[in-house]
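Okay, structure first, notes after.
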Amino acid sequence: MRAVVSRVSSASVTVDGAVVGEVGRGLLALVGVGRDDDGARARTLARKVHELRVFPTDDGARSADDLGLPVLVVSQFTLYADTRKGRRPSWDGAAPGEVAEPLVEEVVAELRRRGATVATGVFGARMAVASVNDGPMTLLLEV
C-alpha cells in the first residue's frame, strides 16, 4: 500500500458540490492499494500514518496520535500509476475496486481503533480535494 501524507492546516473533500469529509489541523492521507496488498498492510499503513512525528512542538516532533489530531483519508488508485513508458499511465499495479475498497476501509477502521478522528472521501467517486499544506510537509509512505 502507498499513501501520500500531508501535514495540513485544513483539508476537505467535496462530492457533487457537498463536503463529505473535512479536517482542521491534522493529516491528509491519499491512500492507494496495490494488487498484492492485504489487511495486515492496511493496518500497518494506518499505524505509520497515525504515529508519524511531523508536528513540531517545543518538546520536539509529535504525531497526530500524540496530539489527538484528525486524519482525512481519501482513496487514490492513481498512486499506482506506472509512467515509465510513453505518455499514458498504466494502472496495472492498482488493485481492482472490489479489492481496494475494503482495504481502504480497513485503514480507516484501524485509525479509529487507535482513537483517531477520521474523515473520508467517497470510494470511487469523482472528488474535489482541497488542502492547505502546512510546512509544506508531504511524505510518501509504502508498506
Check your understanding: Mind checking which of Leu28, Leu111, Leu52 has the largest fluctuation in a GNM of the chain, springs on alpha carbons under 10 Å?
Key -> Leu52
Revision key, fill the gap. With all protein chains in place and a 1.4 Å probe, Glu98 shows an accessible area in Å² (nearest 10) of 140 Å²
**Study point:** Fraction of accessible area attributable to carbon and sulfur, the chain (%, probe 1.4 Å)
**Key:** 46 percent
Exercise for review: Report the antiparallel proportion of the DSSP beta bridges in the range 2-142 as a percent, rounded to a multiple of 5.
Suggested key: 80 percent
Review point. In degrees, nearest 10, range 0 to 90: what is the angle between the Cα axis of helix 97-113 and the longest Cα principal axis of the chain?
Key: 10 degrees
Exercise for review: Report the full-extension gain for the segment Val19 to Thr44: residue separation times 0.36 nm, less the Cα-Cα distance, to one decimal in nm.
Suggested key: 6.2 nm
Check your understanding: Tell me, what is the FRET efficiency for Ser63 and Arg87 to the nearest 0.05, using R0 = 35 angstrom and their Cβ-Cβ distance as r?
Key -> 0.35
Review point. Could you give the angle, 0 to 90 degrees to the nearest 10, between helix 39-51's Cα long axis and the longest principal axis of the Cα atoms of the chain?
Key: 30 degrees
Exercise for review: Provide the per residue accessible area, probe 1.4 Å, for the chain, rounded to a whole number of square angstrom.
Suggested key: 54 Å²
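The values are calculated or read from the model by the stated rules, or taken from the named source; none is laboratory data. These figures come from a predicted structure and were not determined experimentally. Because the Cβ atoms are built from the backbone with ideal geometry, glycine has one as well, and the counts that use them run over all protein chains shown. The area values use the complete protein model at the heavy-atom level, side chains included, leaving out ligands, DNA and RNA. Shrake-Rupley method; radii C 1.70, N 1.55, O 1.52, S 1.80 Å.
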